[in-house]
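None of the figures in this text is laboratory data; all of them are computed from the coordinates on show. In this text, all values refer to a predicted model and were calculated from it rather than measured experimentally. Methodologically, a virtual Cβ is constructed for each residue, glycine included, from the backbone with ideal geometry; neighbour enumeration extends over all protein chains shown.
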Amino acid sequence: MTMVERLLWLADELSRRSREVKSAAVERRAVSTAYYAVFHAITALCASELVGSGAASKKTPEFERVYRALDHKSLKSAFSASPLNNNQFFKAIGDRIVELQSERIRSDYLPGGRLYKKSECDRLVRSARSIVEALKNLSPQDRRTLAVYLIFKNRPQ
């Protein structure tokens, strides 16, 4: 099981258990964990596309450097800019990622208290899972496009 799969499993488990323990903290952790599953799926995609996806490539300093190059703010900016926001598929994924990112920030930083109904927590976790699946099913060209535009800044021409 990959780290992304484990994070998704954990988000599902936390969401399910939040019903039993009736805890806003558990719901918040489920949403935050779901976002991080998506973030790690994206960083792995970028590193694999730009450095290589083989076991040997993943152990290199270059792979780690690309994996760590993406930050949360630039992720949001890239999905708001051309060419990603001009492509319907990337726009749909980007909108859902930005929503998850916003909810992760709310979950992690707002003062205590309930933020989500159970159905909303479940929806956000399901959204994360579907984003990860969509990323897995990208064509090689779309994977490369996504990696390049997420990692490298747009410069005015």
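Data for the structure
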item: The chain: relative contact order as a whole-number percent, Cα under 8 Å and 6+ apart; result: 36
item: Cα gyration tensor of region 3-151 - equivalent ellipsoid semi-axes, whole Å, descending; result: 28, 17, 13
item: Least to most buried among Tyr109, Tyr67 (fewest other Cβ within 10 Å first); result: Tyr109, Tyr67
item: Calculated diffusion of region 34-112, Stokes-Einstein form, Kirkwood radius summed over Cα pairs, 25 °C and 0.890 mPa s, µm²/s; result: 180
item: Per-bin percent of Cα-Cα distances, region 72-154 [10 Å]; result: 16, 45, 28, 10, 0
item: Unsatisfied cross-links (Cα-Cα over 26 Å) in the set Lys22/Lys73; Lys73/Lys118; Lys58/Lys118; Lys59/Lys136; result: Lys22/Lys73; Lys73/Lys118; Lys58/Lys118
item: Nearest 10 degrees, 0 to 90: helix 118-136 Cα axis against the chain principal axis; result: 20
